[in-house]
């Protein structure tokens, strides 16, 4: 299984981030548009970026992943172009797809830089992809776009996290706990995640159990673990997933844990939530407590992760050709879907079309771009 036919182009679709200090507030306004976030709150968040010179690490990591994917495709004899576009900052996905079409792209297969199911980590990307396709159709540009399945439990992503967890634990005293960390979301978003709800938390726990067990087997001991959250950003009265990673580290210290290996299992690469929330804030908490602390690497360009993503591209291409390829997974939940069911990870704020779903209707060429087709 080496061909990517019928696809002619690969799209790496990510979140985006500022490249320089002047970008920071415009980027944050773009991310939070329509959510009623005050300028004072945005200014406070902007300080996280200015702490690192006004530049997010995410773009550099995406360029590296784009190059690694291109190299692996070339190595396998599938030299399709790998494009990179963002939802919230340059290069915007609509501009990337427009240029891709000019360069010959007609059928595109997408990798989201988020491994899990939820509105923020899947459907919102699909909504922005749909809006890009609607805009382009209004310009007379017709593209077909699919995506690979959720890969949180693909063996390649799992193995990258196992390797990182083992390395972090080896830097700590015996008996150190593993703290798996992901981005907190509102409880209501988790309740709507996936076809049956709560997929966001259940997927994380399923993978965390596998990673902890495999890391423990490599180290020859049982590894205690917990799932914690970072980057809560909603109003005080709104219920979000807990515990916060800082609070959890304080709890570990209180019960005498000999150390904490913080594993950002919810992130594909070093987002701002990793380098600020974990490397800066969580580490400061651990240092204050005197709790030995190690932060595990994200999957990044780990060879098993990159190879696994290309495996998933080839798997989806085989499905598009009418074949039934194997769909390897770890844990108890089995392989996820690449075509999302109607209403999956629904948007509580407004109904918007979302590409790559059973309820997605491709736009008509020449039709003016609109915010919604439903």
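Taken together, the values in this text are just the output of simple stated rules run on the coordinates, not laboratory data. Just so you know, these numbers come straight off a predicted model, no measurement behind them. Positions of Cβ are backbone-derived with ideal geometry, glycine not excepted, and every protein chain shown enters the neighbour counts.
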Exercise for the section: Would you mind ranking 56, 144 so that the residue whose beta carbon has the fewest other beta carbons within 10 Å leads the list? Expected result: 144, 56
Exercise for the section: Just need the relative contact order of the stretch 153-279 here, percent rounded to a whole number, with Cα pairs under 8 Å and 6+ apart. Expected result: 39 percent
Practice task
Mind giving me the nanometre distance, one decimal, between the label points for residue 29 and residue 196, set 7 Å out from Cα along Cα→Cβ?
Solution key: 4.5 nm
Handout entry: Reciprocal mean inverse distance between Cα atoms of the stretch 155-295 - Kirkwood radius, Å
Key = 15.3 Å
Handout entry: Ellipticity estimate at 222 nm from DSSP helix runs (n ≥ 4, -39,500 (n - 2.57)) divided over the chain, nearest 500
Key = -12000 deg cm²/dmol
Exercise for the section: Give the dimensionless ratio obtained when the Cα radius of gyration of the chain is divided by 2.2 N^0.38 Å. Expected result: 0.98
Practice task
Just grab the label-to-label distance for residue 75 and residue 350, each label 7 Å out from Cα along the Cβ direction, in nm (one decimal).
Solution key: 4.4 nm
Problem - Mean separation of Cα contacts under 8 Å, 6 or more apart, over the residue count of the chain: relative contact order % - result: 25 percent
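Can you give the extra length, in nm with one decimal, that the chain gains between residue 358 and residue 20 once fully stretched, where that is 0.36 nm per residue apart less the Cα-Cα distance?
Stretched out fully, the residue 358 to residue 20 stretch lengthens by 117.7 nm.
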Exercise for the section: Could you order peptides 21-31, 263-273, 229-239 by the average number of other Cβ atoms within 10 Å of their residues, highest first? Expected result: 263-273, 21-31, 229-239
Completion exercise
Taking Cα atoms, the helix 124-138 axis meets the longest principal axis of the chain at an angle in degrees (rounded to 10) of 20 degrees
Fill in the blank from the handout: For the pair residue 209 and residue 41, the simple spin-label estimate (label points 7 Å beyond Cα toward Cβ) gives in nm 3.5 nm
Exercise for the section: Please figure out what share of the DSSP beta bridges in the chain is antiparallel and state it in percent, rounded to the nearest 5. Expected result: 5 percent
Fill in the blank from the handout: Percent antiparallel among DSSP beta bridges confined to the stretch 155-295, nearest 5, equals 5 percent
Exercise for the section: Please determine, in degrees from 0 to 90 and to the nearest 10, the orientation of helix 58-75 with respect to the longest principal axis defined by the Cα atoms of the chain, where the helix direction is its Cα long axis. Expected result: 70 degrees
Practice task
On a 0 to 90° scale, report how tilted helix 303-320 is relative to the longest principal axis of the chain, with both axes built from alpha carbons and the result rounded to the nearest 10.
Solution key: 30 degrees
